[in-house]
Amino acid sequence: MELLDVGRIVLGVVLLVGGAELLVRGAASLAVRAGMSSLVVGLTVVAAATSTPELAVTLGAVLDGETGLAIGNVVGSNIANILLILGASALIAPLAVRRVLVRMDIPYLIGLAILTLFFALDGRISRLEGGILLLLLGVHTALALWLSRRDGDGQAGEGKDAAGREPPGEPTAPRSPGPGQGATATKPRSLAKGPWQVVLAAYRNPGVLVAILLVVVGVGLLVLGARVLVTGAVNIASAMGVSGLVIGLTVVAIGTSLPELATSLIAALRGERDIAVGNIVGSCIFNLGLVLGLPALLAPGGGLEIPGPAIALDIPLMIAATVALAPVAFTGYRVGRREGGLFMALYIAYVGFVVLDATRHDALEGFTTVMVVLVLPLVLLTLVGTVAFDLGRRKERKAADAGQDDEIDRAWRT
């Protein structure tokens, strides 16, 4: 493994994150100027943009014949999203979970993950199956928009995108200066904008031409970053004697998940706790529907080859992580620090197992025994105990509310 390849991975991640930022800002600005509401922009443009690094890397790996790296990137990103990013965000502040996530999005994600495993059982995701994944992504997006409009959720977040920020490029009604007032008459001469301030203002509130330029440059950075990162990852995998699947599950997956990590951590720090969970769940759905479905349509040979270890271990673990999120989110509609710490510990254990298994380390047998005999049963007991405890508290609250209603009825009768 050469230091140059490590530098390629670091540079590739930087280019991917920068390209995703430029793309989301430019695309969101164009969408708003085209008349799309901030709700639609948040549910479509911003949600898709956080998955563009995964899409760029996966397409690049597939076209280079590195299907193991591509599958590892998608599956590893979903595992990292739920266990690492959601866990880290919950450690900062307990996360709120919207009811629509529990009722529709999380069950939809679980179903999509199970369907992915079903498609992969024969060792290949065909073009037809990739088209089905894309179609299901479109169905979910349409349902999310319909439910949001029906429930009026757009009014609460009007003027903000999916990251809780003001959507860039939203047109405002121009003001005509009064008599004797020019462009600089409203400000003191000492506060006149310098060239860098003008550039920053154009970036934060881009016009049409600037927004198009941001989209073009963003796509270019994504393509270049994906190419550099895939080259470095393949070289490191070859030097270490491990498969591209392992590199994709670990280094590449974490690198391409940095946009979701940044968005979720910033949302948690700002107190916008419901945004973090929605961002993670939405990104996971886009990863399975778009990032896995589109390469399956475009892959040479009529489909996407799935490595055996991914079918036997990694995709089932992705499903298990998704299923584990359901009861945690269902109980009290929140993800607390306890659950966040548990998720992070599980992710560290998972990465440790992947690395030990790839390198055939002597500690692998003992590590596996401890995980199967001790850790996994404790995790299961913790999840069951959390569900039982929160359901018990919910029944107590309902009983207390019913008692208060009875007292009010008796008071009215007397």
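Counting only helices (runs of 4 or more DSSP H) that sit completely within the range 258-360, those holding 1 or more residues that are modelled with pLDDT of 85 or more correspond to 273-286, 293-298, 315-330, 337-359. Scan the range 2-32 for residues that are aliphatic (A, V, I, L, M), under 14 Å from Leu229 (Cα atoms) and crowded, with 21+ Cβ neighbours inside 10 Å and the total you get is 4.
Just one of the numbered conditions (1) under 11 Å from Val252 (Cβ atoms); (2) surrounded by fewer than 24 Cβ atoms within 10 Å (Cβ to Cβ) is not true of Asn73: (2).
When the range 109-144 is filtered for residues that are surrounded by fewer than 22 Cβ atoms within 10 Å (Cβ to Cβ), of a type in the set (Ser, Thr, Tyr) and either modelled with pLDDT under 85 or part of a helix (DSSP H, G or I) (or both), only Thr141 remains. Looking at the structure I just gave you, is Glu339 more than 16 Å from the chain's Cα centre (by Cα), of a type in the set (D, E, K, R) and within 21 Å of Gly68 (Cβ to Cβ)? Considered against the rule, which asks whether it is more than 16 Å from the chain's Cα centre (by Cα), of a type in the set (D, E, K, R) and within 21 Å of Gly68 (Cβ to Cβ), Glu339 comes out as no.
Scanning the range 205-232 for residues that are among the small types (Gly, Ala, Ser) and either within 18 Å of the chain's Cα centre (by Cα) or modelled with pLDDT under 80 (or both) yields Gly207, Ala226.
Selection of the range 90-136 for residues being more than 18 Å from the chain's Cα centre (by Cα) and of a type in the set (S, T, N, Q) yields only Ser126.
In the set Ala61, Ala90, only one residue is buried (at least 22 other Cβ atoms within 10 Å of the Cβ), modelled with pLDDT of 80 or more, in contact with a Leu (Cβ under 9 Å, 6 or more places away or on another chain) and of a type in the set (A, V, I, L, M, F, W, C); that residue is Ala61.
The values are calculated or read from the model by the stated rules, or taken from the named source; none is laboratory data. Everything quoted here is computed from the prediction, not taken from an experiment. Quick reminder, even Gly has a Cβ in these numbers, built from the backbone with ideal geometry, and neighbours come from all protein chains shown.
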